[in-house]
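Just below is one structure, and these are the notes that go with it.
The values are calculated or read from the model by the stated rules, or taken from the named source; none is laboratory data. Bear in mind the structure is a predicted one, so any value in this text is a computation, not a measurement. Counting neighbours? That spans all protein chains shown, and the Cβs are built from the backbone with ideal geometry, glycine included. Areas reflect the complete protein model, heavy atoms only, side chains present, ligands, DNA and RNA absent. Shrake-Rupley method; radii C 1.70, N 1.55, O 1.52, S 1.80 Å.
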Amino acid sequence: MKKAIIICCLWITGAFCSFAQSSRVDSLVQIVKLHPNDTIGSNALLGLVSEFLRVDFDKAKLYAFQAISLTDSLHHLSGISASYLYLVALYQNSGRQDSARHYLGQLQMLAEANPSNWKLTANYNQSAGLYYKNQGDVKKALPYLLENLKFAKLNSEGTAGLYLNIGNAYFNLSDYRNAMHYHLEGLVTFEKVNSLRGQSFCLQSLGNDLFHLGQFELSKKYYQQAMKLKEQLNDKRGLITTWSGAGDVYKELMQYGLSEKYYLQAISASREMKLPSEEMRALYQIGLLYKRMKKFDIARQNIDQSLVLAMHMGDSTGSAKARSELVGITLVEQSQKDDENTLVASLKTVTEAGDRNGEMVEYGRLSEYYALNGQYKKAFEYVKKYDQLKDEIEGVEVLLELRELEGQYQTEKKEREIELLKKDQELQALALDRERANVIIIAVVLASVVLTGFLLVNRYRVVALAKRTIEMERMRNAIARDLHDDIGSTLSSINIMSQLALKENNGHAGQYFQSIHEHSSKIMESMSDIVWSINPNNDSLEQVLVKMKEFAAEILEPKGIAFLFQGIDEVKNIELASEKRKNVFLIFKEAINNAAKYSNASEIVIQVAGQNGNIIFSISDNGKGFDPEKVKPGNGLKNMEVRAKNLFGELSRTSAVGSGTQISFEFPIT
C-alpha cells in the first residue's frame, strides 16, 4: 500500500511538472505574439529554445532560427550570439558536425568583431568548450571553459553551469579530484539559486565521479537523486544519461538485470529523440555488459552499432574505444589474435585526447593481449603501467580527499538547512505577530462597525420619530385649518341665521331654517371627510376609490347621469398617506360637482392607471363642453390646481363646445 501511495505521489508530481512546463511554453508563445518585433519577443523565443532543447530538437531548431531572424533585424548581438550557441549544441547532439562547426565559426567571428562585448566572448568560450569536449578533445576544451571563470558572477545560474562543465571536462581527463571539486561547487550554487535542473546535472556528475573511483554504492545514491529530479522535471534527455550511469553502477554491482533494463531505456529514448551521441554511449556500455555475461554475439552487435555512430559523428575517441573493445571480445573468444597494432593505435588516441581512464583500460587490454600471446615481459610492463595509473586515479589519498569534499558538502548543506530553519522560525514569529496585530485590528474594526451600526440605527429611529412627529404636527395643523376654514365659518353662519330666525316675525323664518339645514349638512359632510382622511384603515387607494364611488353615486344618480370606473384593479393595492388621500379625493369631488352642475352630460367615465411610478386620474363627460378662451376658471378649479401642486403633480383641463370636458391629474406614488 505504501509503495502504491509513493508511486501515485511521484506520478502526480511528474504530471504537475509537465503541466508547469506546458504552462511556461504557453506563456512564452503568448509573449512572442504580443512582442513580434522587439527584444522581449526575441528573449521569449530563446526561452522556447531552452524549453525544447531537452525535449524536441525539431521545435528547438525552429525557434532558434526565428530568434536569429528577429535578433538580426534588431541588431541585438547578445540575442544572435545566444541563438548560435543553441544551434551548435543542437546540431552536434543530432550528429550534424558540419553544421555545428559552421555556427561555432559564426560565434567566433561575432566575438572577435566585438571584443568589448564580454557576453559574446563568454558565449563563444562556452560553446567551443562543450563542442571540443563532446568531440573527445578535452585538452582543447578545458582552456575555453576555464577562461570563462573571469566572467563568472557570484551565485548565478550561469556560473553554476560553468562549474558543472569544467567538472565534466576534468572528469573526461580522469582528474576526479578537480572534477568532484567543481561538481560540488556547481551543486551548491544551483541549490542557492533554486535550480532543480542544474542540481540534477551535478548529482549525475557526482555519481559519475564516484563510479570511476570504484565507490559504487555512494555513486548509486547520487544517480537515484538525479533520476528523481529529472523525472519531476520531465527532462527526457537528462534521464537518458542517468539511465546509462545507473546501468554502469548496477553492472559493477553485478545486478545485470537492472543494468540491462536501464541501458535499454537509454537506447530507446536516444533513438526516439534522435540523440546519436547518447545512443552511441549506451550501445557501447550494454555491449560491455553482454561481454561480461558471455553473450559475445550480442555484445559485438551493439559495439559495432556504437562504432558506426562514432564514425558518423567524427568522434575519434569513441571510435578508438569501440575498435579496441571489438578486439578485446575477439581475444576473449579466440584466446589470441594478432591485433597489436589496433590496440596500440587505440592507446595512442585516448592518450592524446587526455582520457586517462581510457588509457588505463587500454593498458589492461594490451597486458592481456601480450599474456595470451606468450609475451610476458611486455604483458608485465603494461600491468605495471595499468596499476600505476590506477593508483594515480583511484589512490587512497584521492579517495580520502574526495570523501572529505563530499563530507564537507554534506556538512555545509546541513548548516544551510539549519540557517534556513532559523529563518523560517523567525518568519513564523513575524507571521504570528502580524496575525496578532491583524486580530487586534479586526477586533477594533468590528467594534467600530458595531458602534457605527448602533449609532446609525439610533439615528434612524430618531429621524423616523422626528418625521412621524412632523407628520402628526402637519396633520394636526391641517385638521385645525379645515375645522377653522370650513366648519368654523359654517357654524358661525348657522349661529347668525338661527338668531335671525328667532327674531323674524314676517313669515320668512322658514328660509333661514332651510339655510341652517343646508349648512349643517355641509358641516356633517366636511366632518365625515376629515375623519375619513385621518383613519389609517383607509390608507390604500382601493378605499379612496370606494369613497369616490359612493360620492359619485350620491351626486350623479339623482340627476340621471351614468358613471363608470376603469382600471381600478391595477392600482387598488397602492397605499397613500392621509394628506395625499385627502387631496386626491377633494380634486375628484370638485370635478364631479362641476360635471353634475354645468355639463348636462348623460355619462361620466373615471379612469385610473399606474405608470412609471405615477398615478393618473382622468374624469371625462359627454356633456355640452365650453370654450376655454371664453370661460374664466373659478375658485373650484384654482383649488384643484393648488391641491395638485400639494401632491407634487400636474392638473390639466381640456374641453370644446359640443365635445364634453376632461379633467386629468397625475402625481407620484411616493
Residue in region 152-169 that is farther than 28 Å from residue 351 by Cα, among the small types (Gly, Ala, Ser), out of contact with any Ser or Thr (no Cβ under 7 Å at 6 or more places or on another chain) and surrounded by fewer than 22 Cβ atoms within 10 Å (Cβ to Cβ) present: yes
Every pair of residues 6+ apart whose Cβ atoms lie under 6 Å, when the first sits in region 633-661 and is under 24 Å from residue 581 (Cα atoms) and at pLDDT 90 or above while the second is part of a helix (DSSP H, G or I) and open to solvent by 80 Å² or more (accessible area, probe 1.4 Å): 651/641
Entirely in region 581-670, the strands (runs of 3 or more DSSP E) that have 2 or more residues that are of a type in the set (S, T, N, Q) and closer than 19 Å to residue 556 by Cβ: 614-621, 661-668
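Conditions (1) open to solvent by 40 Å² or more (accessible area, probe 1.4 Å); (2) farther than 29 Å from residue 231 by Cα, marked per residue:
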| residue | (1), (2) |
| --- | --- |
| 42 | no, yes |
| 52 | no, no |
| 56 | yes, no |
| 79 | no, yes |
| 92 | no, no |
Region 102-122: number of residues that are part of a helix (DSSP H, G or I) and either within 38 Å of the chain's Cα centre (by Cα) or without any contact (Cβ under 8 Å) to a residue 12 or more places away in the chain (or both): 9
Residue among 362, 426, 381, 392 that alone is modelled with pLDDT of 70 or more, touching a Phe, Trp or Tyr at 6+ places or on another chain (Cβ under 9 Å), over 22 Å from residue 203 (Cβ atoms) and open to solvent by 80 Å² or more (accessible area, probe 1.4 Å): 381
Answer from 420, 402 - the residue that is modelled with pLDDT under 85, out of contact with any strand residue (DSSP E or B) (no Cβ under 6 Å at 6 or more places or on another chain) and closer than 18 Å to residue 192 by Cβ: 420
Per-region count, region 132-151, residues open to solvent by 40 Å² or more (accessible area, probe 1.4 Å) and in contact (Cβ under 8 Å) with a residue 24 or more places away in the chain: 4
Counted residues, region 91-124 - those being in contact with a Leu (Cβ under 7 Å, 6 or more places away or on another chain) and within 22 Å of residue 42 (Cβ to Cβ): 9
Verdict on residue 326 being farther than 20 Å from residue 286 by Cα, open to solvent by less than 50 Å² (accessible area, probe 1.4 Å), at pLDDT 80 or above and not charged (D, E, K, R): no
